[in-house]
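A short worksheet on the structure shown next.
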Amino acid sequence: MRNNYAKQLEDLKKELILMGSLCENMLKDALDAFEQNDDTKASVIAESDDKIDNKESEIEALCLSLILHQQPVASDLRLISSSFKIITDLERIGDQACDIAEIALRLKYEDNENFKELSEMAKQTQKMFKEAIDSFVKLDIKTAKNVLDQDDIVDEHFVNMRSRLISLIEKNDHEARIPLDLLLIAKYLERIADHSCNVANWIIFAITGHHSSGEII
């Protein structure tokens, strides 16, 4: 019985890492489609979203099985509970990558001075998400805390990008739809960074029993 329990717990870790990898690749593909004007890549991203949704259901079922049938000890229960929370954030990141891909299909990216900050914001967001997944793979609290420390960088990029795009609309330098679409992408990136922070917070909880608020949950 305990051997089966250990295998299920290991399967949970592997499945969550796989879901994180799917989301990471999906986000990269969506941003590549946007920056490279690649309609073909953008149009197939919805297929990856279906895989992520299916993986979320599989992991939910595994978590419930562990809780109901295996009576996990406190540290394992924290990991299982955190996994429940993490897959919700991963699923939303997948949805937001889809949203970016949809915009890529209708928007032709212009690589000029006005939009460089968006590219920097995208790189920073991808870095945060990768480190959030790495913190789960290694169960590394230092990496998880490093993710939280980077959130202000993405927020600053978003504020700067919003101001820049509003200025473009006011000056009528571009068709209004283009700055609005770029602002939507910036907002999706800001949300993905927030979800990455959520993942990191739940890793910290899984390891320590404390959330970032300092309260025991």
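Any residue at all in the stretch 157-172 that's more than 27 Å from M19 (Cβ to Cβ), among the small types (G, A, S), open to solvent by 50 Å² or more (accessible area, probe 1.4 Å) and part of a helix (DSSP H, G or I)? Before you say what the answer is, go through the steps one by one.
Of the residues in the stretch 157-172, the ones more than 27 Å from M19 (Cβ to Cβ) are 159-172.
Then keep just the ones that are among the small types (G, A, S); that gives 163, 167.
Then drop every residue that is not open to solvent by 50 Å² or more (accessible area, probe 1.4 Å), which leaves 163.
Going one step further and asking which of them are part of a helix (DSSP H, G or I), we end up with 163.
Looking for residues that are more than 27 Å from M19 (Cβ to Cβ), among the small types (G, A, S), open to solvent by 50 Å² or more (accessible area, probe 1.4 Å) and part of a helix (DSSP H, G or I), one finds at least one in the stretch 157-172, hence yes.
Looking at (1) at pLDDT 90 or above; (2) more than 17 Å from F34 (Cα to Cα); (3) open to solvent by 70 Å² or more (accessible area, probe 1.4 Å), which is the only condition K123 fails?
Exception for K123: condition (2).
Considering only the stretch 42-60, state which residues are open to solvent by 60 Å² or more (accessible area, probe 1.4 Å) and either in contact with a Leu (Cβ under 9 Å, 6 or more places away or on another chain) or not hydroxyl-bearing (S, T, Y) (or both).
Taking the stretch 42-60 and keeping what is open to solvent by 60 Å² or more (accessible area, probe 1.4 Å), we get 43-44, 47, 50-51, 54, 57-58, 60.
The answer is S43, V44, E47, D50, K51, N54, E58, E60.
Within the set of pairs 6 or more residues apart or between chains, which connect a residue that is over 25 Å from S48 (Cβ atoms) inside the stretch 3-18 to a residue that is part of a helix (DSSP H, G or I) and open to solvent by less than 80 Å² (accessible area, probe 1.4 Å) with Cβ atoms less than 7 Å apart?
Y5/Q70; Q8/L62; Q8/S65; Q8/L66; Q8/Q70; L9/L66; L9/D76
Please enumerate the residues belonging to the stretch 75-102 that are touching a residue at least 24 places away in the same chain (Cβ under 8 Å) and aliphatic (A, V, I, L, M).
L79, I80, I86, I87, L90, I93, A97, I100, A101
Can you find even one residue in the stretch 134-147 that is open to solvent by less than 80 Å² (accessible area, probe 1.4 Å) and either at pLDDT below 90 or outside any helix (DSSP H, G or I) (or both)? Before the answer, list the steps.
So in the stretch 134-147, the residues open to solvent by less than 80 Å² (accessible area, probe 1.4 Å) come out as 134-137, 139-141, 143-144, 146-147.
Keeping just the survivors that are either at pLDDT below 90 or outside any helix (DSSP H, G or I) (or both) gives 139-140.
The answer is yes, given that some residue of the stretch 134-147 is open to solvent by less than 80 Å² (accessible area, probe 1.4 Å) and either at pLDDT below 90 or outside any helix (DSSP H, G or I) (or both).
All but one of (1) surrounded by fewer than 19 Cβ atoms within 10 Å (Cβ to Cβ); (2) assigned to a helix (DSSP H, G or I) hold for P72; which doesn't?
Going through the list (1) surrounded by fewer than 19 Cβ atoms within 10 Å (Cβ to Cβ); (2) assigned to a helix (DSSP H, G or I), P72 breaks only (2).
Failed condition for R92, given (1) part of a helix (DSSP H, G or I); (2) open to solvent by less than 70 Å² (accessible area, probe 1.4 Å); (3) not polar (S, T, N, Q), with all others met?
Here R92 clears every test but (2).
Of all residues being open to solvent by less than 50 Å² (accessible area, probe 1.4 Å) and either in contact (Cβ under 8 Å) with a residue 24 or more places away in the chain or of a type in the set (V, I, T) (or both) in the stretch 23-41, which is farthest from S83 (Cα to Cα)? Just the residue, please. Step through it out loud before you land on a result.
Taking the stretch 23-41 as the starting set, the residues that turn out to be open to solvent by less than 50 Å² (accessible area, probe 1.4 Å) are 23, 26-27, 30-34, 38.
From what's left, either in contact (Cβ under 8 Å) with a residue 24 or more places away in the chain or of a type in the set (V, I, T) (or both): 23, 26-27, 30-31, 33-34, 38.
Details: C23: 15, M26: 20, L27: 20, A30: 25, L31: 26, A33: 30, F34: 31, D38: 34 Å.
The residue in question is D38.
The values are calculated or read from the model by the stated rules, or taken from the named source; none is laboratory data. These numbers come from a predicted model, not from an experiment. Positions of Cβ are backbone-derived with ideal geometry, glycine not excepted, and every protein chain shown enters the neighbour counts. The area values use the complete protein model at the heavy-atom level, side chains included, leaving out ligands, DNA and RNA. Shrake-Rupley method; radii C 1.70, N 1.55, O 1.52, S 1.80 Å.
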